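Here's the structure, in structure tokens; my notes come after.
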Amino acid sequence: MRKLMMVACALAALAVGAAPQAAEPIKSQVTELMSTPLTGDASREVKVLNVVQPPGADSGRHFHYGDQYTTVQEGEIKITVDGDGEHVLKAGQVLHIPPMTVHRTQNLTDKPARTTEFFIIAKGKPLSQKVE
């Protein structure tokens, strides 16, 4: 009986160890190209980012403390904006997202996408804030 119990415990431990782990979200590669005070308004700054989104990339729901302008350079992305629906953007297209507006950016294709993103944000605030 004791051997049977030990075997059962060993099998249970192996089963727990073999349980699938939650996959890490696929993240975009972000390069800040510029950060400078907004001319005439020292309380805000301009940030310009280059973002490479591999297939399956997902920003998760978040917002920014200022205006966001996203233009697609290559590929295709989907941006879902609370209160404004889904926007599928291809190379050459641009979308403005107002301050504090919750949104989510995804690359649902099998090819990388590249965007240039411009922000005018409140100085000293983080670029983005995640939303559950």
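Values quoted throughout were computed directly from the atomic coordinates according to the rules given, and no laboratory measurement underlies them. Note that the coordinates shown come from a computational prediction; the quantities given were computed from them, not determined experimentally. As a convention, Cβ positions derive from the backbone with ideal geometry for all residues, glycine included, and neighbour counts pool all protein chains shown.
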Check your understanding: So which residues in region 64-100 are closer than 16 Å to P126 by Cβ, within 16 Å of the chain's Cα centre (by Cα) and part of a loop (DSSP other than H, G, I, E, B)?
Key -> H64, Y65, M100
Exercise for review: Return the residue satisfying two criteria in turn: it lies in region 46-63 and is more than 21 Å from S35 (Cβ to Cβ) and part of a loop (DSSP other than H, G, I, E, B), and of such residues it is nearest to the chain's Cα centre (by Cα).
Suggested key: G60
**Study point:** Some residue of region 86-100 being surrounded by 13 or more Cβ atoms within 10 Å (Cβ to Cβ) and among the charged types (D, E, K, R)
**Key:** no
